[in-house]
Amino acid sequence: MTTPMPDALSAEQVVLTGARLASAEGVADGLSLVLRHGEIETVVPTAELTSNARVIRLDGCTVVPGLIDLHVHGGGGSSFDEPDPEAHREVLRFHARHGVTAMQASLVSAKPGDLERRLDALAVSRQTAGFGAALLGVHLEGPYLAFEQCGAHDPAALRSPTPSEAQALLARGGLVTMVTVAPEVDGVAEFVRQLTTAGVVIAAGHSSAGAADLAVAVSNGLTHLTHLWSCQSTLVRRGPHRVPGLLEESLASDTLTAEIIADGHHLPATLIEIARRCLPGRIVAVSDATAGAGMPDGYHYRLGVVECEVIGGVGKVIGEDAFAGSVTPLSGMLLHLHRELGWPLPEAIAATSLRPAQVLRLAGRKGRLAPGYDADLAVLDAELSVVATMAGGRWIYSTDAA
Ligand SMILES: [Zn+2]
């Protein structure tokens, strides 16, 4: 391989050859990717390559579509909660090292002034590109959540949405791409209708919603479920009657897509298998990564106002025996699903690339290795470790091994 590898931003073709191509559609040898103008121009049998373009040999490697992470709070010691573009760049660079080419910045619940400062800073970061994974938009994971399901969110920040607050979010011109809500909270039904009309993806989470509240939200345009099992109500008995919680309503859904935190800590294999069987083709792996991702045991970080620590490969709230996001990037979840849980590689790639693109309605240009798609890809070595990452035709990460 050549070092440094040429970008594929201009009219000049760059050809990636020698690697196995793996995507949601399958795994294939003997194909080369022809890139230019930041896009995949064609995928051709290597034997038919005639181009005198710049060729990058990736023998022994696997090229996959760039991973897309819908739920990221931070990574590498930095957090999207910090109203500081340099902290944001650090998070985007950290996840680029793990094969992620695009992500949403997730913000935990905060008081109105704090939330506005964070959104202002992320609006600036979203405009600057080229130093890491692309920032697709902001995922507000609150503050319109249920108190009893607040998890690591500050309960003092939780509130009901107002129509004017919805208008203020929409006035930010597409910055907010997803909002997690508890459907049973006052004012949420109208909020969901306002935001989905404008194209924002709405997810149910941190909620005790039952069938009726969830059905109203779905009829108003809600399409997604935030981290199954985490901060979802579950079955209760009222007298002799069993009443499903949000978890059971989620698993019985015919249409909704759903997140799993597949870090090997949040969900045992049995639960992931239940989700896989109940929601075939609708499971999305998310990192829910925090500033603790990539940091050693004992590292302290904050999730909003909550103090957390990396303990035994996962983030925990200090003083409570509770998880506070994960410390595993999406590449680690791809490996967990494939290696430890035995998912076929295309299915694991679907859950970490094509399907998150579908959730954000970007599947026409992201999540596949196909002509006309963005040149977003990750190069994995024989152990399926990330050795290089390209976003929009630009190498945003590479090791000496690439
Ligand atoms: Zn989260």
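Every number here is computed from the coordinates shown, using simple stated rules; none is lab data. Please read all numbers here as calculations on a predicted model, not as lab measurements. Reconstructed Cβ throughout: ideal geometry from the backbone, glycine too, with neighbour counts over all protein chains shown.
Go through HIS95, GLY325, GLY142 and say which Cα lies farthest out towards the positive end of the charge dipole of the stretch 67-359; charges sit on Cβ, +1 for Lys and Arg, -1 for Asp and Glu.
Among HIS95, GLY325, GLY142, the one farthest towards the positive end of the dipole of the stretch 67-359 is HIS95.
Relative contact order for the stretch 67-359: what percent, with Cα pairs under 8 Å and sequence separation of 6 or more?
19
Could you tell me which residue out of ALA22, LEU58, HIS37 lies farthest along the dipole of the stretch 1-100 toward its positive end? Charges go on the beta carbon: Lys and Arg +1, Asp and Glu -1, centred on the Cα centre.
LEU58
Among HIS73, HIS153, HIS241, which comes first, then next, by fewest other beta-carbon atoms within 10 Å?
Starting with the residue having the fewest Cβ neighbours, the order is HIS241, HIS153, HIS73.
Highest mean first, how do 221-230, 336-345 rank when packing is the count of other Cβ atoms within 10 Å averaged over residues?
221-230, 336-345
Note down the magnitude of the dipole of the stretch 67-359 about its Cα centre, charges +1 on Lys and Arg C-beta and -1 on Asp and Glu C-beta and zero elsewhere, to the nearest 20 debye.
580
Between SER164 and ARG277, what length in nm is gained on full extension when 0.36 nm per residue of separation is reduced by their alpha carbon distance?
36.6 nm
Rounded, prolate or oblate for the chain? Axes are the square roots of the Cα gyration tensor eigenvalues, ordered a ≥ b ≥ c, and the cut-off for rounded is a/c under 1.5.
Cα axes put the chain in the prolate bin.
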